[in-house]
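Student: Following this message is one structure expressed as structure tokens.
The values are calculated or read from the model by the stated rules, or taken from the named source; none is laboratory data. Treat the numbers as computed from the prediction; the structure is a model and nothing was measured. Cβ placement follows ideal geometry from the backbone for every residue including glycine, while neighbour counts extend to all protein chains displayed.
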Amino acid sequence: MPDGTDSNRRTIVVVKNTDEARLLAEVGSQLQADYRDHPTADVQATIDECVTHFDGVRIRDYVPLLVERRARSILGSPS
């Protein structure tokens, strides 16, 4: 690939990673709010575990949604 295309491609990846990080932060905030009866460290550890579970996924668009669903499944019903 020409250098310009490769450079543009890397920029797109950085933007997607930034969007994913922002969305994961929002998911984390929402889960912390919904599970305030759980220790904060436990909720964060669950989120971290779920993010790690999806580390090898090539298509990252749905990772925040999948992390949220998996974390809610692990944490159970909020009180």
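Student: List every residue pair whose Cβ atoms lie under 9 Å apart, where the two residues are 6 or more positions apart in sequence or sit on different chains, the first residue falls within the stretch 22-50 and is in contact (Cβ under 8 Å) with a residue 12 or more places away in the chain and farther than 16 Å from R60 by Cα, and the second residue, located anywhere, is part of a loop (DSSP other than H, G, I, E, B) and among the basic types (K, R).
Tutor: V43/R36
Student: Out of curiosity, is T18 closer than 15 Å to R60 by Cβ and at pLDDT below 95?
Tutor: In short, yes.
Student: Please pick out the residue among D6, D48, D42, D55 that is acidic (D, E) and at pLDDT below 90.
Tutor: After applying the criteria, what remains is D6.
Student: Please find, within the stretch 35-50, the residue that is farthest from the chain's Cα centre (by Cα) out of those that are part of a helix (DSSP H, G or I) and surrounded by 17 or more Cβ atoms within 10 Å (Cβ to Cβ).
Tutor: The extreme case among them is V43.
Student: Step by step: first the residues of the stretch 51-70, then only those that are touching a Phe, Trp or Tyr at 6+ places or on another chain (Cβ under 9 Å) and in contact (Cβ under 8 Å) with a residue 40 or more places away in the chain, then the one that is surrounded by the most Cβ atoms within 10 Å (Cβ to Cβ). Which residue is that?
Tutor: Per the stated criteria, the residue is V67.
Student: Quick check, is A25 under 10 Å from the mean Cα position of the chain (by Cα) and surrounded by fewer than 17 Cβ atoms within 10 Å (Cβ to Cβ)? I'd like the intermediate steps shown before the answer.
Tutor: On the way: under 10 Å from the mean Cα position of the chain (by Cα): yes; surrounded by fewer than 17 Cβ atoms within 10 Å (Cβ to Cβ): yes.
Yes; evaluated as a whole, the condition is true for this residue.
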